[in-house]
Amino acid sequence: MFKTNLKIAWRNLLKDKQFTVLNVVGLSAGIACAFLIFLWVQDEMSYDKFFSNSNSVYQIMEHRKSGGDVKVSDESSGLVTDILKTQMPEVKYAASLAPPQWFQKFTLSVGDKNIKATGQYAGKDYFNIFSFKLLEGEKNKVLPDKNSIVISDELAKKLFGTTTNLIGKPVRFQHDTTFFVSGIFEEVPYHSSQQFDFVLPFEYYYSLHNWVKSWENTGPHNFVLLKKGADIKEFNKEIAGVIAANSDDTTRTLFASKFSNNYLLNSFSHGSQTGSRMEYVRLFSLIAIFILVIACINFMNLSTAKASRRLKEVGIKKVVGASRNQLVFQFLFESIMLTLFAMVVALLITIFLLPEFNQLTGKQITIKFEPQITITFIGIALITGLLAGSYPALYLSKFKPLTVLKGKLTTSVSEVLSRKGLVVFQFTLSAILIVGVIIIYRQVKFIQSTNPGYNKDNVIRFNAEGRILNSEDAFVTQLKKIPGVVNASYTWHDMVGRNYGDYSISWDGKDPTEADYFEGFGGGYDFIETMGMQMAQGRSFSRNYGNDDSTIIFNEAAIKLMHLKNPIGKTVRYLNQNRQIIGVVKDFHFESLHEPVEPCYITLENPGNVWDKLMVRIKAGNQQQTIAAIRELYENYNPGFPFTFNFLNEAYQKQYNTETRISVLSKYFAGLAIIISCLGLFGLAAFTAQKRQKEIGIRKVIGASTANITTMLSKDFIKLILISLLIAFPVSWWLMNRWLESFAYRVNFNPVVFLIAGISIVLITIFTISYQSIKAAMANPVNSLRSE
């Protein structure tokens, strides 16, 4: 029986090559899309899950009461881990971290080799909490004192040419401090949200910056490994009041969040995790389902369009004793066979497109035929085959033998409605995707074109290190003499994201029960001018006014928060020092447009801060020559330090990499959905033309023109598309409004979007069905009426 069904299925597929090709194209495209999305989702879901004890690793965060809302921060005091480890029995290990995001690359030297590398400062228990693989050294002993350094195997090869017998070897850090190798770890996996080349002791960082272990200041990231069986809810209750118990601050409470969840659930609202990357995982999972369903509907429509060609086959089989179950099995067998073939094609398409897909998504996905992936691929194909083939199988197997042998196939109202309903459903999903693509594209363009409040173009950034670190003013003076340099200054802030902030600002009338966070920008003279910021009131720092060390500048958001009227000349307290407000700078975006502009201050910084970065604005046009001159000055001024830099606008755009990639991918997916939908519409048009061929013949005999016939056949499809648009528009409006809510600054939902989407789909529909309609209208009526 199996062999017989196989032969019949194979002959039927070869007999109608157009049907087979259309179905294979539609199904393979849909399955390939689902495969790619599955691989992307699996990759996203795997971040930080590779640690052996990932279910017990938690990051200590803070709820902060501010402005009537509860905000969440992943930073806290460096004292937190000391308290938790000694006072909380549930804590097995605890470590503070000064993360790589705080720093640009450091210079490590061995002999005459000077290598730029990404580093972080971590507590002694760091490698007990995070099970990065150690090739040399023991996790309990790799950070024993302030003179230790743990390096990756790749960095070890660059510095020493080997990864063995390196314990105790000296490494010069920034040409001023020597550390000794205490461990070698295997290069950090791609699926780790923490990426670094070496680790230095947190105690060393504390020896340079004692603010990290102050209850009043925040910044360090704190992690704990809880003992087996620890109740996280009870633990969170116990640690909530730690800050209040050790300081006068009652506005901040601690809580622990599972570290392996933070990559996907990295957005917070009113103190609760709300999604962020997880929203995109759900979105693309839904798109994969949409496209698979559209492909299945396409298969159903093409199969029912072919039904009239198999009437006699069904009738004869029923006459000779075939049961309906046998016929259902045969048609399902054909469907699954076709789907399995489409799966093979889809797999080849996936392998072919994967390098380009990786480039679009910024991933390093590879296909490994492990049991989970193999089962998933086969499962997708089988489910698709059963779903796609079920309706045609039930539809074809129900006909009565006498009726089908006479060739009289009657179509009930319910069958017509179900078939048309499938088309409406298809194009409703397609319309939703088109509206989504337009909105995402407009939002991404809005992000890229919005003025952040400063001029981010033609600005390069590089570290102040070595000799420059204590003589920034002198070095800036030399920079300004280079032809092509417009202006230059230094700052401890990257201008992108949150780098440094505190709660140390106080003023007359401040509510003591509120935790008011201010982002801090320490800079030199000409910092405001170099960045192209605009003053709303007052002035910027200037040597013409004597010493500005005891002055401060706020942005408009800060003045609004403090409810200060006529702020120029008023005094605030900053780090227990009185500061006079000399200016108010217009609001500028130092975070992405997902966030509203937060309060910030700018102070005149004394040279020598180890966080300092040089900001240099250069003229457009001759950038290479200008940068080459800056490099020469830097290397002559700072021998032994490799010159590395980046453009500020690149760092700014990097904040929106996810949205940009989503925009590009959604265009491809929406286009694919439309193509597959059109294949189904093409099949339904062929089915309708075939069903009405005698009616068309009679109409032509009595004088109907080709245009009349074409219009008659097309108008029903246009009605279906208009119905799908009426359903799709409110649904897409609701969905895209929810997505736009994640941005504090966003485009308006213009009705023109619906007009563009509607016209596009109608034109695509007309183009798709015109071939079948014109073909039927131009057919010779004698051929269709000959049998009457």
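The values are calculated or read from the model by the stated rules, or taken from the named source; none is laboratory data. Remember, it's a predicted structure, so these values are computed and weren't measured experimentally. All Cβ positions, even for glycine, are placed from backbone atoms using ideal geometry, and neighbour counts span all protein chains on display. Just the protein is used for accessible areas: all its heavy atoms, side chains included, with ligands, DNA and RNA removed. Shrake-Rupley method; radii C 1.70, N 1.55, O 1.52, S 1.80 Å.
Screening LEU564 against (1) surrounded by fewer than 19 Cβ atoms within 10 Å (Cβ to Cβ); (2) at pLDDT 90 or above; (3) within 22 Å of ARG498 (Cα to Cα) leaves a single unmet condition, (3). For beta carbons closer than 8 Å, sequence separation of 6+ or different chains, a first residue in region 216-227 that is over 15 Å from PRO100 (Cβ atoms) and touching a residue at least 12 places away in the same chain (Cβ under 8 Å) and a second that is crowded, with 22+ Cβ neighbours inside 10 Å and of a type in the set (Asp, Glu), the qualifying pairs are THR218/GLU62; LEU225/ASP125. Inspect region 630-653 for any residue being small (Gly, Ala, Ser), in contact (Cβ under 8 Å) with a residue 24 or more places away in the chain, open to solvent by 40 Å² or more (accessible area, probe 1.4 Å) and outside any helix (DSSP H, G or I) and give the result as yes or no. Scanning region 630-653 turns up no residue that is small (Gly, Ala, Ser), in contact (Cβ under 8 Å) with a residue 24 or more places away in the chain, open to solvent by 40 Å² or more (accessible area, probe 1.4 Å) and outside any helix (DSSP H, G or I). Taken over region 367-388, the criterion of being under 28 Å from the mean Cα position of the chain (by Cα), within 14 Å of ILE289 (Cβ to Cβ) and hydrophobic (A, V, I, L, M, F, W, C) is satisfied by ILE380 alone.
Considering each residue of region 150-173 in turn, none proves to be under 30 Å from LEU575 (Cα atoms), touching a residue at least 40 places away in the same chain (Cβ under 8 Å) and not β-branched (Val, Ile, Thr). Taking helices (runs of 4 or more DSSP H) as the structural unit, those lying wholly within region 359-472 and holding at least 3 residues that are exposed (fewer than 15 other Cβ atoms within 10 Å of the Cβ) and at pLDDT 65 or above correspond to 371-397, 413-449. If you go through region 518-530 one residue at a time, do you hit one that is at pLDDT 90 or above and aliphatic (A, V, I, L, M)? Within region 518-530, one or more residues are at pLDDT 90 or above and aliphatic (A, V, I, L, M). I'd like to verify a number: residues in region 35-63 that are open to solvent by 40 Å² or more (accessible area, probe 1.4 Å) and either more than 27 Å from MET278 (Cα to Cα) or part of a helix (DSSP H, G or I) (or both), how many? Residues flagged as open to solvent by 40 Å² or more (accessible area, probe 1.4 Å) and either more than 27 Å from MET278 (Cα to Cα) or part of a helix (DSSP H, G or I) (or both) within region 35-63 amount to 4. Applying the condition of being small (Gly, Ala, Ser) and either assigned to a helix (DSSP H, G or I) or open to solvent by 20 Å² or more (accessible area, probe 1.4 Å) (or both) to region 540-561 and asking which residue is nearest to GLU591 (Cα to Cα) yields ALA557. When the test is whether a residue is at pLDDT 90 or above, under 15 Å from PHE198 (Cβ atoms) and part of a strand (DSSP E or B), LYS116 passes it. Residues in region 587-599 that are out of contact with any Gly (no Cβ under 6 Å at 6 or more places or on another chain) and either open to solvent by 50 Å² or more (accessible area, probe 1.4 Å) or part of a strand (DSSP E or B) (or both): GLU595, PRO596.
Considering region 64-99, the residues that are modelled with pLDDT of 90 or more and part of a strand (DSSP E or B) include one that is surrounded by the most Cβ atoms within 10 Å (Cβ to Cβ), namely SER96.
Screening region 195-234 for residues that are crowded, with 17+ Cβ neighbours inside 10 Å and polar (S, T, N, Q) and picking the one that is nearest to the chain's Cα centre (by Cα) gives ASN222. Being within 21 Å of ALA673 (Cβ to Cβ) and under 27 Å from the mean Cα position of the chain (by Cα) narrows it down to one residue among LEU755, LEU725, LEU763, LEU735; which is it? Exactly one residue qualifies, and that residue is LEU735. Out of the residues in region 242-258 that are touching a Ser or Thr at 6+ places or on another chain (Cβ under 9 Å) and open to solvent by 40 Å² or more (accessible area, probe 1.4 Å), which is farthest from ILE505 (Cα to Cα)? Result: LYS258. The residues listed here are GLY523, GLY497; of these, the one that is small (Gly, Ala, Ser), in contact with a helix residue (DSSP H, G or I) (Cβ under 8 Å, 6 or more places away or on another chain) and under 20 Å from LEU614 (Cβ atoms) is GLY497.
Please count how many residues of region 121-152 are within 33 Å of the chain's Cα centre (by Cα) and closer than 12 Å to VAL181 by Cα. Selection size over region 121-152: 3. Of all the criteria given as (1) open to solvent by 20 Å² or more (accessible area, probe 1.4 Å); (2) touching a residue at least 40 places away in the same chain (Cβ under 8 Å), the one not satisfied by PRO144 is (2). In region 119-136, of all residues being assigned to a loop (DSSP other than H, G, I, E, B) and open to solvent by 40 Å² or more (accessible area, probe 1.4 Å), the one that is nearest to LEU225 (Cα to Cα) corresponds to SER131. Looking at THR162, THR178, can you tell me which residue is assigned to a loop (DSSP other than H, G, I, E, B), closer than 16 Å to SER109 by Cα and either at pLDDT 95 or above or of a type in the set (Ser, Thr, Tyr) (or both)? When all the criteria are applied, what remains is THR162.
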